[in-house]
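Structure record follows, encoded as structure tokens.
The values are calculated or read from the model by the stated rules, or taken from the named source; none is laboratory data. This one's a predicted model, so the numbers in the text were calculated from it and none came from an experiment. Cβ coordinates were reconstructed from backbone atoms using ideal geometry, including for glycine residues, and neighbour counts include every protein chain displayed.
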Amino acid sequence: KAKSAGGGCYAAYHPDMLAGLVARLELEADLRVALDRGQLHLHYQPTVDLATSEVIGFEALARWQHPERGMIPPAEFIPIAEATGLIVPLGRWVLREACRKAVEWSARSGGRKVKMAVNVSVRQFDRADLVEVVAGILAESGLPADQLCLEMTESVLMTDTDDNLEQLLRLKALGVTLAIDDFGTGYSSLAYLRRFPVDTLKIDRSFVERLGALTDDTALADTIVQLGKSLGMATVAEGIEEFGQLAALREMGCQFAQGYYFSRPVPADEAGRLFLDGAGAVR
Ligand code: C2E
Ligand code: MG
Ligand code: MG
Ligand code: MG
């Protein structure tokens, strides 16, 4: 940004900028170490079937317990991982860990299969070997492909479209489920949605938020649910915090949901108990 100050000249650094840059470089170096030393871990947030209130699976969410700074949220370290390329080994680690847990919990559940959703960054699609990595991790973990859901934002459909489409078709051919995360916040068109092998739309939390008990601003969430129905895609509502939102989404015919109303993302042990206890019904 300093560069744009004029004719190829660099504007003088403001001390805050330098401090910001140093902090970022430090965080980047620390993230490298964290990945090597196992300072990252996963939390798991249940996905609930709205018809039965049963937990059908989880979304794996990365957590970084920094030795000095405490818990650093993914909104802070995922962008750094994306900018530095660290997202590739990080993403591989998340996938491996999440698949292992899905196998473990499924094996102990007497036939109920955990559906595991993993976030995949658009940067991971820049690599030609994404499909092989996923196939390799499914094979090594023994997780049946239909128990894995890969979540990606609309940006995957909108950039490198031909290349990403091909990778998605190959992932689809493995048998994994594909979901569009934060749906409604990007710029994908209906034409893209039809062209890509998408199974599930995750309705962004911002649309669910407005479904509070005192408002009847249901139009946007309802439109996405109906869109999903007409395209043959499942819908998952993100960020349900109140019963009113749950009731409204159920009414619309939304099939699945996540949110603090059911459970926050929880450590692996707790997630395993949640799934295994009492057929997993929450609320
Ligand atoms: P996301 O994939 O859309 O995940 C949902 C986020 O909403 C999570 O935040 C979750 O904790 C939060 N959430 C769930 N229910 C509620 C609710 O009822 N109310 C509110 N206010 N929030 C709720 P989190 O864990 O901080 O993750 C933020 C984002 O970081 C994720 O958004 C995802 O884009 C990214 N992320 C997290 N883990 C990974 C990862 O392993 N790989 C990649 N590429 N991205 C990740
Ligand atoms: Mg997600
Ligand atoms: Mg989301
Ligand atoms: Mg989101």
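Being away from ligand 3 (no atom under 15 Å from the Cβ) and closer than 23 Å to Arg63 by Cβ narrows it down to one residue among Ala247, Ala268, Ala257; which is it? Outline the logic, then answer.
Values: Ala247 fails: closer than 23 Å to Arg63 by Cβ; Ala257 fails: away from ligand 3 (no atom under 15 Å from the Cβ).
Only one candidate qualifies: Ala268.
Out of the residues in segment 138-163 meeting the condition of being in contact with a Leu (Cβ under 7 Å, 6 or more places away or on another chain) and within 16 Å of ligand 1 (Cβ to nearest atom), tell me which one is nearest to Leu61 (Cα to Cα). Write out each step before concluding.
Let us first name the residues in segment 138-163 that are in contact with a Leu (Cβ under 7 Å, 6 or more places away or on another chain), namely 138, 145, 148, 150.
Subset that is within 16 Å of ligand 1 (Cβ to nearest atom): 148, 150.
Numbers: Leu148: 14, Leu150: 12 Å.
My answer is Leu150.
Here are Val88, Val114, Val55: which of them is out of contact with any strand residue (DSSP E or B) (no Cβ under 7 Å at 6 or more places or on another chain), buried (at least 16 other Cβ atoms within 10 Å of the Cβ) and under 21 Å from Ile180 (Cα atoms)?
On the way: Val114 fails: out of contact with any strand residue (DSSP E or B) (no Cβ under 7 Å at 6 or more places or on another chain); Val55 fails: out of contact with any strand residue (DSSP E or B) (no Cβ under 7 Å at 6 or more places or on another chain).
So the residue among Val88, Val114, Val55 that is out of contact with any strand residue (DSSP E or B) (no Cβ under 7 Å at 6 or more places or on another chain), buried (at least 16 other Cβ atoms within 10 Å of the Cβ) and under 21 Å from Ile180 (Cα atoms) is Val88.
Against the conditions (1) out of contact with any His (no Cβ under 9 Å at 6 or more places or on another chain); (2) surrounded by fewer than 21 Cβ atoms within 10 Å (Cβ to Cβ); (3) not basic (Lys, Arg), where does Asp30 fall short? Just the number, please.
In the conditions (1) out of contact with any His (no Cβ under 9 Å at 6 or more places or on another chain); (2) surrounded by fewer than 21 Cβ atoms within 10 Å (Cβ to Cβ); (3) not basic (Lys, Arg), Asp30 misses (1) alone.
Pairs, please: C-beta under 7 Å, at least 6 apart or cross-chain, first residue within 13 Å of Asp199 (Cβ to Cβ) and in segment 165-181, second basic (Lys, Arg) and surrounded by fewer than 19 Cβ atoms within 10 Å (Cβ to Cβ)?
The qualifying pairs are Leu178/Lys172.
Residue check, Asp126 against (1) modelled with pLDDT under 95; (2) away from ligand 3 (no atom under 16 Å from the Cβ); (3) within 27 Å of Thr223 (Cα to Cα), all met but one. Which one?
Condition not satisfied by Asp126: (3).
Six or more apart or on different chains, Cβ atoms under 7 Å: show the pairs whose first residue is in segment 215-239 and more than 16 Å from ligand 4 (Cβ to nearest atom) and whose second is charged (D, E, K, R) and modelled with pLDDT under 95.
Going by the 7 Å Cβ cut-off, the qualifying pairs are Asp217/Arg210; Leu231/Arg194.
Those residues that are in a loop (DSSP other than H, G, I, E, B), within 15 Å of Phe207 (Cα to Cα) and either in contact with a His (Cβ under 7 Å, 6 or more places away or on another chain) or small (Gly, Ala, Ser) (or both), I need them from segment 237-281; list them, please.
The initial filter retains those residues of segment 237-281 that are in a loop (DSSP other than H, G, I, E, B), namely 238-242, 253-255, 258-265.
Now narrow it down to the ones that are within 15 Å of Phe207 (Cα to Cα): 238-242, 254, 258-259.
The answer is Gly239, Gly259.
What residue, of Leu190, Leu227, Leu220, is closer than 19 Å to Arg250 by Cβ, more than 14 Å from ligand 2 (Cβ to nearest atom) and modelled with pLDDT under 90? Steps first, answer last, please.
On the way: Leu190 fails: closer than 19 Å to Arg250 by Cβ; Leu227 fails: modelled with pLDDT under 90.
Of Leu190, Leu227, Leu220, the one residue that is closer than 19 Å to Arg250 by Cβ, more than 14 Å from ligand 2 (Cβ to nearest atom) and modelled with pLDDT under 90 is Leu220.
Tell me the residue from Ala248, Ala268, Ala179 that is in contact with a Phe, Trp or Tyr (Cβ under 9 Å, 6 or more places away or on another chain), within 16 Å of ligand 1 (Cβ to nearest atom) and not acidic (Asp, Glu), please. Walk me through how you get there before you give the answer.
Working: Ala248 fails: in contact with a Phe, Trp or Tyr (Cβ under 9 Å, 6 or more places away or on another chain); Ala179 fails: in contact with a Phe, Trp or Tyr (Cβ under 9 Å, 6 or more places away or on another chain).
Sole residue among the options that is in contact with a Phe, Trp or Tyr (Cβ under 9 Å, 6 or more places away or on another chain), within 16 Å of ligand 1 (Cβ to nearest atom) and not acidic (Asp, Glu): Ala268.
What's the number of the condition Thr185 fails, among (1) at pLDDT 95 or above; (2) within 16 Å of ligand 4 (Cβ to nearest atom)?
Only one criterion is unmet by Thr185, namely (1).
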